[in-house]
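One structure below.
What follows draws every value from the coordinates through simple rules; no lab data is involved. Not measured: the values here are computed from a predicted model. In this analysis, Cβ positions are derived from the backbone assuming ideal geometry, glycine residues included, and neighbour counts consider all displayed protein chains.
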Amino acid sequence: MLSSDYDPACLPDLLPLYYRRLFPFAQYYRWLNYGGVQKSYFQNREFSFTLKDDIYVRYQSFSSQSELEKEMQKMNPYKIDIGAVYSHRPNQHNTVKSGSFQALEKELVFDIDMTDYDDVRSCCSAADICSKCWTLMTIAIRILDRSLRQDFGFHHLLWVYSGRRGVHCWVCDEAARKLSAAARSAVAEYLSLIKVRQFHFSFNINIFIKESLTVVKRYFPQYALQDQNILGRKESEEKVLALVPEDILYIFNVHRATTAKKRQYFEKEIMLQYCYPRLDVNVSKGVNHLLKSPFSVHPKTGRISVPIDLKDVEKFDPFAVPTISLICEELDRPMADEDEAKLEDAKGKENEQDSTEKRKIRDYKRTSLAKYVKYFDQFLAGMTDSWKGKLLRQSDLQKEF
């Protein structure tokens, strides 16, 4: 019987196996190379590695998938972060003239961390999470995904579980990657409804707030009234009132006995204060800001940072995400006779040059990581058409000359 128990002390022994046989390098390279549309795009990308004993190594860059694989298998990083695409190779930044080494592009990213909700959850606090408060992450994904697609017109959004207590969003459209720092700040501030408190329900509610409330209303009764029992005790009621801005509270107290409409404003205010996404705006604003990579391992939980299937986001269970110890253990599990026969048949059809990559594919398909790599494949398939179109246009332009 397999066990998912994870012991951080075993991580140094597990990482070499993970990077050698399970990490999806082919898909990872396809993603960050973006079809090779822009020359040197992958080569000028910064990676940073956190090694054993918290040794932090920045400005890593690689010329190819093969070089990335070899270096990661050599260093076995405890954590991988992805940074910007720079004007020059990041690993040569010390040789570049001062001031000319500039961050040019990066995906528009968002980081939602459960610790930012500690004032609106009673089930857990700090780094702890449970199925009750994980609903907040589901709400965040639903609200932000809708807005980024419908309000901003983006298409290629990769949602990723952080491996412990939050989620990340990578907006990979070309237009998003080319956004200036000012434009990123504008998008982040637009989406940071709770932090900036720029809404007043005594006036018109814009379409963005209406759409966000539509999502929140689906989850609020179960999450806030039942799971968190926000009206169950006097202290809880006082906590609810403390979340409401003074101007809204004043309106409610002055007009308590007047119209039901004003009471609705108050109720909506509480719903949003409790359930609206809380963003780390600084992560989104900076072009050169680093963010944890998909398929990185969380050293404390051992869980893999995996893509989330948007079609089934309500069913996503962070506690069901495989640990590195589990998937390495699954590799040692004896295969069924039928599966083994299929693999032997596949071996005979392989070309020698790509046999290593095909073996790696077979390996992760034998583990709990398989379905998450499949989600990643589906995401990449959605981007492929846009790459093909740009490559064809470039080819046609070259023929004209």
Under a plain spin-label model, where a point goes 7 Å from the Cα along Cα-to-Cβ, how far apart in nm are GLN264 and SER87?
5.4
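Give me the number: length gained by fully extending ARG233 to ILE205, i.e. 0.36 nm times residue separation minus the C-alpha to C-alpha distance, one decimal in nm.
Working: separation 28, 0.36 × 28 = 10.08 nm, distance 3.11 nm.
Length gained, ARG233 through ILE205: 7.0 nm.
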Taking the highest mean first, how do the peptides 164-170, 264-270, 51-57 order by number of other beta carbon atoms within 10 angstrom per residue?
164-170, 264-270, 51-57
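Run the numbers on the range 95-220 and let me know its relative contact order in percent, using alpha-carbon pairs under 8 Å that are six or more apart. Each step should come with its number before you reach the end.
Working: 111 pairs, mean separation 37.3, N = 126.
Reported as a whole number, the value is 30 percent.
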Collect residues whose amide H, placed 1.01 Å from N in the peptide plane, falls under 5 Å from the amide H of TYR86; neighbours closer than 5 in sequence don't count.
ARG45, GLU46, LEU104
Check ASP173: other-chain or 5+ apart residues with amide H under 5 Å from its amide H, H built from backbone geometry?
HIS155, HIS156
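Given Cα pairs under 8 Å that are at least 6 residues apart, what percent is the relative contact order of the range 1-124? Intermediate results must be reported in sequence, preceding the final value.
On the way: 132 pairs, mean separation 26.8, N = 124.
Over the range 1-124, the number comes to 22 percent.
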Quick one: which residues, 5 or more positions from SER293 or on another chain, have an amide H under 5 Å from its amide H? H modelled 1.01 Å from N in the peptide plane, none for Pro or chain starts.
ILE80, ASP81, ILE82
